[in-house]
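Scroll down for the structure; my scribbles are underneath it.
The values are calculated or read from the model by the stated rules, or taken from the named source; none is laboratory data. Please read these numbers as outputs of a predicted model, since none were measured by experiment. Quick reminder, even Gly has a Cβ in these numbers, built from the backbone with ideal geometry, and neighbours come from all protein chains shown. With ligands, DNA and RNA removed, areas are computed over all heavy atoms of the protein, side chains included. Shrake-Rupley method; radii C 1.70, N 1.55, O 1.52, S 1.80 Å.
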Amino acid sequence: MANQYIQQFETMGLYFGLAGIFFFIGMAINDVLKKGDVPKFGRYVVWLVLFLGCSGFIAKGLIQVFWQGAGVG
């Protein structure tokens, strides 16, 4: 039983870690675009992709934990 909970938290940690990596890569790209001669629309697209990617990884981690907790996945 404890093994199942440890696996759930490892899975959640993996997806939260991926969301963090995705966030920092997106911030680095945004900084590069900010220094260059890129219109604001380009930076907004980067922010949109950054937000969707991070929220997607976090949602996947939470869904995985709840599905495994319910015995579905």
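Among residues of segment 5-31 that are touching a residue at least 60 places away in the same chain (Cβ under 8 Å) and part of a helix (DSSP H, G or I), those with a Cβ under 8 angstrom from a residue that is of a type in the set (Val, Ile, Thr) and surrounded by 13 or more Cβ atoms within 10 Å (Cβ to Cβ), sequence gap 6+ or separate chain, pair up as GLN8/VAL65.
Suppose we keep only residues that are open to solvent by 90 Å² or more (accessible area, probe 1.4 Å) and not acidic (Asp, Glu) within segment 17-38. Which one would you say is farthest from GLN64 (Cα to Cα)? Looking at the filtered set, the residue picked out is LYS35. None of ALA28, ALA19 is at pLDDT 80 or above and under 15 Å from GLY61 (Cα atoms) except ALA19.
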